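The values are calculated or read from the model by the stated rules, or taken from the named source; none is laboratory data. What you see is a predicted model, and the numbers here were worked out from it, not measured in a lab. Please note: Cβ atoms are built from the backbone with ideal geometry, for glycine as well, and neighbour counts cover all protein chains shown.
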């Protein structure tokens, strides 16, 4: 069977002598792992379309064990964000996080949209702590975890606000801005419990 979808490249790992294993979060199919034959060769035309943090349109076929990538077309490299060292490190952090907390074949379009919007926000915004707070709590909510359930009413209200509102609305919320360190600590504890 043939498939095509837009996807954000999460990770790429060496596989066999000349191949790569690509972990990608797609819009329709969720997270999938694809084998890209010959992608490690210098002459490979696909390699530049498979950089972590890139948005590409991918074509693949189901294989015996691992689906085989047959084509890729780069749509967005998020170059503005990747030119900044701190933002590049942050991008790798959120890509690895999505890769670790999601399973292959479990489709959730809202996770794709969250990841895409976060990468877009990084091109304009510089408050990485706030972006991580927004991304992390929204991701936990989309995974079906209720990160606010165990907290007091004030923290619960703020966490629910983060999950439901846009980054712009959250940037104007004085309670969240004042307590960013506390929310980062809560978020890091939540992710440590998952792993």
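If you go through the range 1-12 and pick out every residue that is assigned to a strand (DSSP E or B) and more than 17 Å from the chain's Cα centre (by Cα), you end up with 3. Against the conditions (1) under 18 Å from residue 24 (Cβ atoms); (2) modelled with pLDDT of 95 or more, residue 78 satisfies every one except (2). Residues that are assigned to a strand (DSSP E or B), under 22 Å from residue 89 (Cα atoms) and under 14 Å from the mean Cα position of the chain (by Cα): does the range 33-54 have at least one? Within the range 33-54, not a single residue is assigned to a strand (DSSP E or B), under 22 Å from residue 89 (Cα atoms) and under 14 Å from the mean Cα position of the chain (by Cα).
In the set (1) in a helix (DSSP H, G or I); (2) farther than 26 Å from residue 36 by Cβ; (3) modelled with pLDDT under 95, the condition left unmet by residue 126 is number (1).
The rows are residues; the columns are (1) out of contact with any strand residue (DSSP E or B) (no Cβ under 9 Å at 6 or more places or on another chain); (2) over 24 Å from residue 23 (Cα atoms); (3) without any contact (Cβ under 8 Å) to a residue 60 or more places away in the chain.
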{"residue": "109", "(1), (2), (3)": "no, no, no"}
{"residue": "117", "(1), (2), (3)": "yes, no, yes"}
{"residue": "120", "(1), (2), (3)": "no, no, yes"}
{"residue": "123", "(1), (2), (3)": "yes, no, yes"}
{"residue": "135", "(1), (2), (3)": "yes, no, yes"}
{"residue": "155", "(1), (2), (3)": "yes, yes, yes"}
{"residue": "160", "(1), (2), (3)": "yes, yes, yes"}
{"residue": "169", "(1), (2), (3)": "yes, yes, yes"}
{"residue": "191", "(1), (2), (3)": "yes, no, no"}
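Within the range 13-32, if we keep just the residues that are touching a strand residue (DSSP E or B) at 6+ places or on another chain (Cβ under 8 Å) and in a loop (DSSP other than H, G, I, E, B), the residue that is surrounded by the most Cβ atoms within 10 Å (Cβ to Cβ) turns out to be 29.
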